[in-house]
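The values are calculated or read from the model by the stated rules, or taken from the named source; none is laboratory data. Since the model is a prediction, treat every value here as computed from it, not as a measurement. A quick note on method: Cβ atoms are made from the backbone with ideal geometry, for glycine too, and the neighbour counts reach across all protein chains shown.
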Amino acid sequence: MSKQERLNYTTYLKLTDLLQCQELCSEKAGAAIHDEHLFIITHQAYELWFKQMLYEIDSVREVFNTKQMDESKTLLVLSRLNRVVLILKLLVDQFQILETMTPLDFIEFRTHLATASGFQSLQFRLIENKLGVKEDTRIKYNQQHYMKVFNDPKSIRQLEDSLESPSLLALVERWLERTPGLGERTFNFWSVFQQAVSRWLEDTIMTPAEEEVNPLQKETMMQEYQKQKDSFQSIFDESVYNGHRERGERRLSHKAFQGALFISLYRDEPRFNQPYKLITLLMDIDSLMTKWRYNHVMMVQRMIGSKVGTGGSSGYQYLRSTISDRYKVFLDLFNLSTYLVPRAYIPRLSSRLKRRLSVLSTDQLMDDIHGDENEAANGERDSESADERTLVDGVVSFSIGD
Ligand code: HEM
């Protein structure tokens, strides 16, 4: 490679191309409007970050999309999702810079935009689809499906692919269904949790209600008790749960929901630390997407009031309707809080399960146990039961008994 051909900052980043992509329509029309430059740069910066988000989301989907997710990759998944969260935080704030443009400045060049609109952002739709925004609950734009605005075969193929391949939600659901300990024979989580809830409701509402002397107060407390019981019944009774799911009020399968609740209640167990963090990051992504929509619509109202959008929608009205739970992908995870009970009521794990939820995965744990058993058989270790042994190497520590 000659000296001239060697990569440098400009050639590596293709800056000559990149920095030529800001063509002001107003300039072409004869009189450059200063703020159009900011308008273009802002949109391009958003699209670049959208590209990075898709890159991260795709890589996370790939890790999940295996028969048995490799647990050693959990940290990688966490760090990439955390990156998505940080990018989104930046994007939520980035509207502030565009807001330095006044509506009067915007109107100076808005006509040049013709029918161009953010509604035609392919990458934004890909992000929504890959996360798992539900197709049938989307708000119709101009009575049209959003796909209709895309004409080129490549974009259409990408959109179809984003709908056909499993979304992050679908993959997370599969992963939650396999939550370790859910099928544990020494600890039937679902059954002991139901007993714990009954006890909690008895102690905190029913018993005080029975002792209440004021009839009006008593009545209110009894109603509260019934309300809470019905609320829990909607998850304990699988057919009621599935009814909600069919109506689109819940998206996770009953098994996956149990897994998520199990992880949330036992988040302090070492093996659930990372899964719990993952659940938190997914909720962060949902919250930040909603905040993005909110900041965008606030800016739109400030810039164009209730004028129609350049893409032909009602503008502010349409955008405002997208800030709703129907666009939340991980709504079930937010709803988990409805079913949490105070720590004192959380059932104690069996000692066997507690051991299983120590740091290592089951496979690794079994290897260790067999390894130790072999060592013990060879007389290299004392004769304590391998199952109850405390490993002192700092990786796993199980207690003897519970
Ligand atoms: C002055 C600034 C902006 C105005 C007035 C504005 C206006 C609008 C309007 C009215 C719509 C509804 C569709 C339509 O009828 O055109 C829309 C949609 C959209 N805009 Fe903006 N926008 C602005 C800045 C941005 C920026 C910086 C982005 C960053 C990428 C963006 C991305 C989008 C996206 C993705 C949609 C589709 C949202 C959805 O359908 O849920 N917009 N915008």
Does residue 251 satisfy being outside any helix (DSSP H, G or I) and within 30 Å of residue 87 (Cα to Cα)? yes
Residues in the stretch 254-263: is at least one crowded, with 20+ Cβ neighbours inside 10 Å, in contact with a Phe, Trp or Tyr (Cβ under 7 Å, 6 or more places away or on another chain), modelled with pLDDT of 95 or more and among the β-branched types (Val, Ile, Thr)? yes
Of all residues in the stretch 120-132, which are out of contact with any Leu (no Cβ under 9 Å at 6 or more places or on another chain) and assigned to a loop (DSSP other than H, G, I, E, B)? 121
In the stretch 51-76, how many residues are within 19 Å of residue 129 (Cα to Cα), in contact (Cβ under 8 Å) with a residue 40 or more places away in the chain and in a helix (DSSP H, G or I)? 8
Tally the residues that are within 10 Å of the ligand (Cβ to nearest atom), of a type outside the set (S, T, N, Q) and under 23 Å from residue 33 (Cβ atoms), restricting the search to the stretch 110-137. 5
Given the criteria within 15 Å of the ligand (Cβ to nearest atom) and surrounded by fewer than 16 Cβ atoms within 10 Å (Cβ to Cβ), does residue 51 qualify? yes
Based on what the data block shows, is residue 341 outside any helix (DSSP H, G or I) and modelled with pLDDT of 95 or more? yes
With respect to residue 289, is the statement that it is surrounded by 19 or more Cβ atoms within 10 Å (Cβ to Cβ), of a type outside the set (Lys, Arg) and within 16 Å of the ligand (Cβ to nearest atom) true? yes
Note down all Cβ pairs under 7 Å where the first residue falls in the stretch 96-110 and is more than 14 Å from residue 41 (Cα to Cα) and among the hydrophobic types (A, V, I, L, M, F, W, C), the second is assigned to a helix (DSSP H, G or I) and more than 10 Å from the ligand (Cβ to nearest atom), and they're at least six residues apart or on different chains. 109/25; 109/26; 109/36
Among the residues in the stretch 97-117, are any buried (at least 19 other Cβ atoms within 10 Å of the Cβ), part of a helix (DSSP H, G or I) and under 17 Å from the mean Cα position of the chain (by Cα)? no
How many residues, within the stretch 295-334, are away from the ligand (no atom under 15 Å from the Cβ) and without any contact (Cβ under 8 Å) to a residue 60 or more places away in the chain? 1
Residues of the stretch 26-74 being more than 30 Å from residue 178 (Cα to Cα) and under 24 Å from the mean Cα position of the chain (by Cα), which ones? 45, 46, 47, 48, 49, 50, 51
Scanning for something in contact (Cβ under 8 Å) with a residue 60 or more places away in the chain and more than 28 Å from residue 200 (Cα to Cα), does the stretch 245-252 turn up at least one residue? yes
Of everything in the stretch 297-325, what is part of a helix (DSSP H, G or I) and either outside the structural domain of residue 85 (by TED's automatic domain parsing) or surrounded by fewer than 19 Cβ atoms within 10 Å (Cβ to Cβ) (or both)? Give them in sequence order. 298, 299, 301, 302, 304, 317, 320, 321, 325
Which pairs have Cβ atoms under 8 Å, sit 6 or more apart or on different chains, and link a residue in the stretch 34-50 that is assigned by TED's automatic domain parsing to the domain that holds residue 109 and part of a helix (DSSP H, G or I) to one that is near the ligand (Cβ under 9 Å from one of its atoms) and among the aromatic types (Phe, Trp, Tyr)? 35/106; 39/106; 50/124
Subset of the stretch 66-81, residues surrounded by 15 or more Cβ atoms within 10 Å (Cβ to Cβ) and at pLDDT 95 or above, comes to 77, 78, 80, 81
Lone unmet requirement of (1) outside any helix (DSSP H, G or I); (2) more than 16 Å from the ligand (Cβ to nearest atom) for residue 234: (1)
